[in-house]
Each structure stands twice: as C-alpha cells, then as structure tokens.
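Q: Structure below; questions to follow.
Every number here is computed from the coordinates shown, using simple stated rules; none is lab data. Note that this is a predicted model, so its numbers are computed, not measured. Cβ placement follows ideal geometry from the backbone for every residue including glycine, while neighbour counts extend to all protein chains displayed.
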Amino acid sequence: MVPAFALFELGLHVWQTHSAATDDDWAAAKAEVAKRAKPDDLVAFAPRWVDPIGREKLGKDLATVEREAYPDVSRFPRAVEVSIRGKHLEDLEGWAASDTAHFGEVTVTTYQNPTPIKLLDDLVNHVGRPDMHVYDVDGAAEHACAFAETAPQTGSLGFGPAVPGARYSCTSGSFVGASVLPDLDYRARRCLYAPPSAHGTLRIRFDAVSFGRALHGHHAISVEAERNGTGVPVTLVFRSGAINLGRVVHRDGEGWKPFELDTSELAGKTAELVVDISSPGGDRRQYCFEADTR
C-alpha cells in the first residue's frame, strides 16, 4: 500500500510540474493580449486563483484596476480571457468565444458579450472632479469635507480596504474616495469607500450626472467586518432635485449586493445626484458602493 501511494504522489508531482505554465508561455500570452484587448474590453484570468499570477505576468497596463476589480461584467462589450488547465471564468458563462490561441499551458480566448450595456456615467470616476462634493450632515446643516491627495493608508488583517490617498476627509472621521474592497467572496471590487458615521449622515453630491433609464450599482462591507454578521445595516438614499429615486439597504451577509433604480424620468438629462449614507452605528462599517447610469 505504501509503495503504491508513493508512486501515486510521484506521478502527481510529475503532472503538476509539467503542466505548469512557464515564463515563456506567459510572455507569449501577454503579447497576444496586448494585440487583442481594446480599451473597453475586460482582461480576466481563469481559474480565479491564478489572478495574482496573471496580474504579475501581464503587468498593470493590461491588468488594470478597472479590469481586475470590476463591479460586474455587464459593462464590457468583449472579454479577453487568459486561462490555464482548461478553466473558464464563471462570469463569462453564456458569452460566445470568437478566437482561441494556445501558448504552451496558457490559453487566450476572446469572448463577445451577448447583451452589452452602454454606460452613460460612472460615479466612481467623479472622485476629485469639481462637480463632486462630500458633506457631514447634522440635522439641516451641511459641513463640507475637504478634498486632498495624500499617501494611501493600509494595515493588517481587519484594517479593511486601503484608505485612498485621494479622498474627501470629514471632521466626523468619515471620508470618501475610490478604493478596492474585498467582498464576502474575497473578490476585489472597485468602489467608493464611504464608511458612515454613527452621529449623522454622510452626503455625496454630484452636480452633473448623465442619466439614462436606470441607476445600476452594488454595495458591500469589507469581508472581515461583514462575515460574522454582527454589524448594523447601512442605508443609501438617492435623489435628484425634488425627485426621490429610491433607497437601498445593505445588511451583513449579503455580500456584493446589486441594486437598480428607475431613472426614466431623468433619461437624456444631465442633473445633480445626491447620495445620503447612514447607519445607526459606525463600528466596523467599512462600507463601499458603486453605481453607474445606463
């Protein structure tokens, strides 16, 4: 029995070492992706666990934050998938493969989105623009939060997402900036990091948002703060002028939760959008959301 098991382990070792992608495989795949990928395309890796290796091999110009920490795949007209061991990204199920090339143990395949969505605006992209403003709200009083660009802050386990260097800092201790949140499935999500204060409302005002028929988004709390299910809910309220667009609530355990609000009354217009973020408690509410118009 022991010799048989030893032979099995030896065979497994030989298979693993000979099926690993080499640096040359990755270099050839990188060159192919650089030729294929258009600016609006997704570049993704399969299986998911190979993503860190893929980012290292392809580099930040191809494996950008926008591609690696996407909210969902609906915004991409195409995807260039870089895969090993015959794996396929679940997010691309139902997409049609149009071209496949093999480079040793690495496969590059282009997929077409069967129902591509045209984005009109993306709230995350407004950070630092003159039309975005953040306030602490206490009753009827608004207290402006100053925008500055400093060094980002990171920490050990439990710290939450990186506190972005480019952020609006409030006297309550709240802040708003674009960061990358690890959701309940440990997937990276680019979003507006906006931890609410327990003492009032955190308000974000966008002066000029291009509206379509829907405001589509997601929200979550960092996995280390959400997974135990002991935190209080966080509420978002959206309005434009006198129009109440809707209210969404995130509760621990819901993960990267999608939402969609009807904005047909504003379709084709450029108008203000106000987002109020509140929670009955501020302890470990490492909250992040993203939204776009379509």
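Q: For the stretch 61-115, which GluC sites (Glu not before Pro) pass both filters: DSSP loop (anything but H, G, I, E, B) and at most 14 other C-beta atoms within 10 Å?
A: On the way: sites: 66, 68, 81, 90, 93, 105; in loops: 93, 105.
When the GluC sites (Glu not before Pro) of the stretch 61-115 are filtered for loop state and at most 14 Cβ neighbours within 10 Å, 93 remain.
Q: Looking at the chain, identify the longest residue range that excludes and avoids all chymotrypsin sites (Phe, Trp or Tyr not before Pro) in DSSP loops having at most 16 other Cβ atoms within 10 Å. Write out the running numbers ahead of the final one.
A: Values: sites that count: 159, 186.
Within the chain, the longest run free of exposed chymotrypsin sites (Phe, Trp or Tyr not before Pro) spans 1-158.
Q: A further question on this structure: 222 nm [θ] for the chain, helices only, -39500 (n - 2.57) per DSSP H run of 4+, per residue, to 500?
A: Values: 5 runs with 48 residues, N = 294.
Rounded to the nearest 500, the figure is -4500 deg cm²/dmol.
Q: Let me ask you something else. Can you compute the FRET efficiency between residue 143 and residue 100 using 1/(1 + (r/R0)^6), with r the Cβ-Cβ distance and R0 = 45 Å? Round to the nearest 0.05.
A: Numbers: r = 56 Å, r/R0 = 1.24.
With a Förster radius of 45 Å, E is 0.20.
Q: While we're on this one: Principal axis extents for the chain, Cα atoms only, whole Å, descending order, please.
A: Extents along the principal axes: 75, 45, 33 Å.
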